[in-house]
1. Could you please find all residues in the range 109-130 being surrounded by 13 or more Cβ atoms within 10 Å (Cβ to Cβ) and either touching a Phe, Trp or Tyr at 6+ places or on another chain (Cβ under 7 Å) or of a type in the set (Phe, Trp, Tyr) (or both)?
2. For Arg93, all conditions in the list (1) basic (Lys, Arg); (2) within 14 Å of the ligand (Cβ to nearest atom); (3) farther than 17 Å from Val134 by Cα hold save one; what is the number of the exception?
3. Under 9 Å between Cβ atoms, which residue pairs at least 6 apart in sequence (or on different chains) link something in the range 126-154 that is on the phi > 0 side of the Ramachandran plot with a partner that is open to solvent by 20 Å² or more (accessible area, probe 1.4 Å)?
4. So which residues in the range 28-53 are away from the ligand (no atom under 12 Å from the Cβ) and under 16 Å from Gly84 (Cα atoms), if there are any at all?
5. Just to be sure, is Asp143 more than 13 Å from the ligand (Cβ to nearest atom), modelled with pLDDT of 95 or more, over 21 Å from Leu31 (Cα atoms) and surrounded by fewer than 17 Cβ atoms within 10 Å (Cβ to Cβ)?
6. Where in the range 1-118 are there helices (runs of 4 or more DSSP H), lying wholly inside it, with at least 3 residues that are of a type in the set (A, V, I, L, M) and closer than 21 Å to Arg154 by Cα?
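The values are calculated or read from the model by the stated rules, or taken from the named source; none is laboratory data. Note that this is a predicted model, so its numbers are computed, not measured. Because the Cβ atoms are built from the backbone with ideal geometry, glycine has one as well, and the counts that use them run over all protein chains shown. In case anyone asks, the SASA skips ligands and DNA or RNA and just uses the protein heavy atoms, side chains included. Shrake-Rupley method; radii C 1.70, N 1.55, O 1.52, S 1.80 Å.
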Amino acid sequence: MKIALYPGTFDPFHNGHLNIAQRALALVDHLIIGVYSAPRKQSLFSQAERIRLTAEAVAALNHEGRISVDGYDTLTVNFARACGATVIVRGLRNSVDFDYEWQMAQTNHFLAEDIEVMCLFANEPFTFLSASLVREVVSLGGDVSRLVPECVARAIADMHF
Ligand code: ADP
């Protein structure tokens, strides 16, 4: 059974993340979405909220138990090993992502040679989309409902600034 880990901060989980999760799921038996704790001052959602919203968002993929969502606050390769994952999935939007992902992949390979990093190119409609862009639009009162899954849009609408 091929298990992959899709790690990230997912603050918040948006349509670009959902697209990567869907495409990765087609390549493996089980996909674990690992929500990194990443304590950051301006985080939109707590780790617990990000886990809940990510799980609710991927339910739309009708994955029949093939996706699980879990939080972690350790080295990604250690979390992957603990989950039995042999593949780490990442998404690539542009050359800026490439430089960062290349360095991360080399580091992860240095730390854990038994784990492969698999990068999927972002699909065209999502190449401009980032969680930081969503956070910025939200903080300025803009409408992000076409950029994020419905459950995330609802959670944002319920927030009080
Ligand atoms: P990070 O892991 O740096 O905190 P995120 O949680 O936002 O970043 O994203 C997790 C993963 O999803 C990363 O591999 C990132 O490159 C990828 N990703 C982010 N936005 C998109 C997008 N619009 N399309 C495809 N992949 C994306």
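1. Phe121, Phe126
2. In the conditions (1) basic (Lys, Arg); (2) within 14 Å of the ligand (Cβ to nearest atom); (3) farther than 17 Å from Val134 by Cα, Arg93 misses (3) alone.
3. Gly141/Phe161
4. Selection gives Val28, Asp29, His30, Leu31, Ile32.
5. yes
6. Correct list: 47-58.
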